[in-house]
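Peer 1: Have a look at this one before I ask anything.
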Amino acid sequence: MKGYIVLETGEVFEGELTGDQKHVHGEIVFFTGMTGYQEVMTDPSFKGQMVVFTYPLIGNYGVNAVDNESRSSQAAALIVHKLSDEGYHYDSEDNLTTSCAKAGIPLLTGVDTRAIVKRIREKGDMRAILTTDLKEVDFELIPNLADQDVVADVSVTKPMQLGSGDTHIVVMDYGYKKSIIDHLLDLDCKVTVMPFHSTFEEVEALKPDGVLLSNGPGNPKRLVHLLPSIKKLAMTFPTMGICLGHQLLALAFGADTEKLRFGHRGANQPVIDCMTNKVYMTSQNHSYVVKEDSLIQTGFSPKFMNINDSSIEGLIHNEWAVMTLQFHPEAHPGPSDSAHYFNDFMQMVHKKGREKTYA
């Protein structure tokens with residue numbers, strides 16, 4: 001059936017709609033990776049967002065049961081130019097059309113995605129409505145994603161334990177990706193995933209060796225009520241933050257964040273290590289960044305910078321055992337040369353453990 005994407009600017013783009021949902025809304029963003037549509041649709045960081053794929057052919061390697069990043073699909077809608085009805089990869093178990101239908105994700109095909117991306121680049125991320133009836137469009141009824149509390153929709157509701165390794169890591173779940181847990185398990189960790197609102201006392205009672213603050217969707221300032229607990233955790237345990245977790249740690253120590261005009265989403269974002277001058281091609285998915293001029297008196301120093309726009313991509317604390325990454329070292333698909341930062345976190349955890357032993 002005919003479907004329409006209506007932008008907040010009033011522009012309308014037509015395509016063919018598959019799926020049962022005929023009227024959805026969200027923040028419209030674009031993703032620049034040539035691969036990764038399955039990971040995108042199941043990444044909790046995309047909660048509340050309609051994703052436009054810049055690569056013109058989507059679906060050609062199918063969908064499998066292994067590469068999902070969460071237990072359910074998260075994106076509000078997928079928008080593609082040309083859809084492949086068949087997956088040609090040897091691991092393919094389903095096609096994208098059927099997978100989206102099962103997950104209840106609207107899939108709009110045959111769209112002029114280049115034109116939509118140009119509007120987003122010109123005007124910034126904005127609200128959009130996907131509909132089959134243009135008479136139902138009313139933006140006054142749609143809140144901005146920045147004003148929504150979406151983390152509660154993707155976080156676990158009770159503690160969950162995985163693995164049985166010697167190093168115990170607590171993951172504060174703001175919408176974690178499965179690949180993060182997989183990396184920790186590969187490093188022989190026992191992992192306890194905690195609800196995003198868990199208190200310092202609840203985490204301390206678990207006696208972890210380290211704490212990892214996960215990625216997640218939405219505006220980090222919607223979680224300001226959690227910042228005192230987050231700071232206390234970071235001053236007590238070796239701590240790593242990824243994406244939203246990175247932003248929350250910065251806010252907890254007194255820094256500030258701001259929204260990008262259009263975010264960084266894709267598997268091809270160049271980042272430079274400020275200490276080694278080594279460049280990494282990273283996978284990213286975020287709308288917000290830490291403001292560099294707000295780091296004064298926080299104890300944080302920039303560790304990584306985005307080469308394209310000079311935004312902060314990671315921090316290191318000068319006093320406490322805290323490291324943060326705005327990009328995704330665990331990303332699949334995507335560059336794997338930054339995955340070693342999980343090893344760096346483990347070294348930080350074990351060093352802190354030795355200090356306790358000899359204290």
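Peer 1: What ³J(HN,Hα) values, in whole Hz, does the Karplus curve 6.51 cos²θ - 1.76 cosθ + 1.60 give for the range 9-24 when θ = phi - 60°, with x put for Gly and Pro?
Peer 2: 6, x, 6, 10, 10, 9, x, 9, 9, 10, x, 7, 6, 10, 7, 9
Peer 1: Between Lys221 and Met235, what is the spin-label point distance in nm, taking each point 7 Å from the Cα along the Cα→C-beta axis?
Peer 2: It is 2.4 nm.
Peer 1: Listed highest first by mean packing, meaning other Cβ atoms within 10 Å per residue, what order do 244-255, 97-108 come in?
Peer 2: Descending packing order for the listed peptides: 244-255, 97-108.
Peer 1: What is the sum of charges around Ser164, taking Lys and Arg as +1, Asp and Glu as -1, for the other residues whose C-beta is under 13 Å from the C-beta of Ser164?
Peer 2: -1
Peer 1: Lys207: which lysines have alpha carbons under 19 Å from its alpha carbon, excluding same-chain residues fewer than 8 sequence positions away?
Peer 2: Lys158, Lys190, Lys231, Lys232, Lys351, Lys352, Lys356
Peer 1: Over the chain, with every protein chain in place, what whole percent of the accessible area is carbon and sulfur at 1.4 Å, could you tell me?
Peer 2: Summing carbon and sulfur atoms, their accessible area is 49 percent of the total for the chain.
Peer 1: Under a Cβ-only charge scheme (Lys and Arg +1, Asp and Glu -1), can you give me the dipole magnitude of the range 172-219 about the Cα centre, in debye to the nearest 20?
Peer 2: 160 debye
Peer 1: To continue, here is another question. Taking GluC sites (Glu not before Pro) as candidate sites, keep only those in a DSSP loop with at most 13 other Cβ atoms within 10 Å, then name the longest stretch of the chain containing none of them.
Peer 2: With a cap of 13 other Cβ atoms within 10 Å, the longest stretch comes to 94-318.
Peer 1: Please give the per residue accessible area of the chain, computed with a probe of 1.4 Å over protein heavy atoms only, in Å².
Peer 2: 43 Å²
Peer 1: Name the most mobile residue of Ser287, Ser310, Ser179, meaning the one with the largest mean-square fluctuation, in a Gaussian network model of the chain with Cα contacts below 10 Å.
Peer 2: Ser310
Peer 1: Against the longest alpha carbon principal axis of the chain, how many degrees, from 0 to 90 and to the nearest 10, is the axis of helix 113-123 turned?
Peer 2: 60 degrees
Peer 1: Over the chain, calculate the relative contact order: mean separation of alpha carbon pairs under 8 Å at least 6 apart, over the residue count, as a percent.
Peer 2: For the chain, the relative contact order is 14 percent.
Peer 1: So what's the angle, to the nearest 10 degrees on a 0 to 90 scale, between helix 341-358 and the longest Cα principal axis of the chain?
Peer 2: 20 degrees
Peer 1: At R0 = 22 Å, how high is the FRET efficiency between Ala205 and Asn318 if r is their beta carbon distance? Nearest 0.05 is fine.
Peer 2: The calculated FRET efficiency here is 0.15.
Peer 1: May I pose another question? Please report the orientation-averaged projected area of the chain, defined via the convex hull of its C-alpha atoms, in nm².
Peer 2: Taking a quarter of the hull surface, the average projection is 17.8 nm².
Peer 1: Taking the Cα centre of the chain as origin, work out the dipole magnitude from +1 charges on Lys and Arg Cβ and -1 charges on Asp and Glu Cβ, in debye rounded to 20.
Peer 2: The calculation lands at about 580 debye.
Peer 1: Moving to a separate point now. Check cross-link reach from Lys2 to the lysines: straight Cα distance under 21 Å, and skip same-chain residues fewer than eight apart.
Peer 2: Answer for Lys2, where 21 Å is the Cα cut-off: Lys22, Lys82, Lys102, Lys135, listed by chain and number.
Peer 1: Separation between the Ser301 and Lys278 pseudo-spin-labels, each 7 Å from Cα along Cα→Cβ, expressed in nm?
Peer 2: 1.8 nm
The values are calculated or read from the model by the stated rules, or taken from the named source; none is laboratory data. Source: prediction; values computed, not measured. Reconstructed Cβ throughout: ideal geometry from the backbone, glycine too, with neighbour counts over all protein chains shown. Quick note on the areas: whole protein, heavy atoms, side chains included, nothing else; ligands and nucleic acids left out. Shrake-Rupley method; radii C 1.70, N 1.55, O 1.52, S 1.80 Å.
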